[in-house]
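Asker: Structure below; questions to follow.
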Amino acid sequence: MNDIPVVEMSFEQAMGELEQVVGQLERGDVPLEKSIELYERGAQLKKRCEAKLKEAEEKVAAITLGEGGEPSGTTPVEGL
């Protein structure tokens, strides 16, 4: 597992570790206690990925279009 706290991970870091966790759980070659730890870590990583995706969606939604339908700027996310 990664030494970086989940709340500080980028989307890519969290997704990469989540893939490792899922792989270990799918193989089923870890003891029950370790499986529980992995499941809990996986839940934290999933939550982080969802938060980062929501952040990205809000930024994309904040792009404003000009008269020609081309991006003309952004609207602050708080204003949505």
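The values are calculated or read from the model by the stated rules, or taken from the named source; none is laboratory data. Remember, predicted model here, so these are calculated numbers, not experimental data. Positions of Cβ are backbone-derived with ideal geometry, glycine not excepted, and every protein chain shown enters the neighbour counts.
Asker: Within the set of pairs 6+ apart or on separate chains, which have a first residue in region 36-65 that is under 14 Å from Phe11 (Cα atoms), a second that is surrounded by 12 or more Cβ atoms within 10 Å (Cβ to Cβ) and among the charged types (D, E, K, R), and C-beta atoms under 6 Å apart?
Answerer: As it stands, the answer is Leu45/Glu17, since those pairs meet every condition given.
Asker: So, of the residues in region 43-80 that are assigned to a loop (DSSP other than H, G, I, E, B) and either at pLDDT 90 or above or aliphatic (A, V, I, L, M) (or both), which turns out to be surrounded by the most Cβ atoms within 10 Å (Cβ to Cβ)?
Answerer: Ala62
Asker: Of the residues that sit in region 21-42 and are surrounded by 12 or more Cβ atoms within 10 Å (Cβ to Cβ) and among the small types (Gly, Ala, Ser), which one is farthest from the chain's Cα centre (by Cα)?
Answerer: Only one residue tops the list, namely Ser35.
Asker: Given the conditions (1) out of contact with any Cys (no Cβ under 9 Å at 6 or more places or on another chain); (2) surrounded by 13 or more Cβ atoms within 10 Å (Cβ to Cβ), which single one is not true for Leu18?
Answerer: Going through (1) out of contact with any Cys (no Cβ under 9 Å at 6 or more places or on another chain); (2) surrounded by 13 or more Cβ atoms within 10 Å (Cβ to Cβ) one by one, Leu18 breaks only (1).
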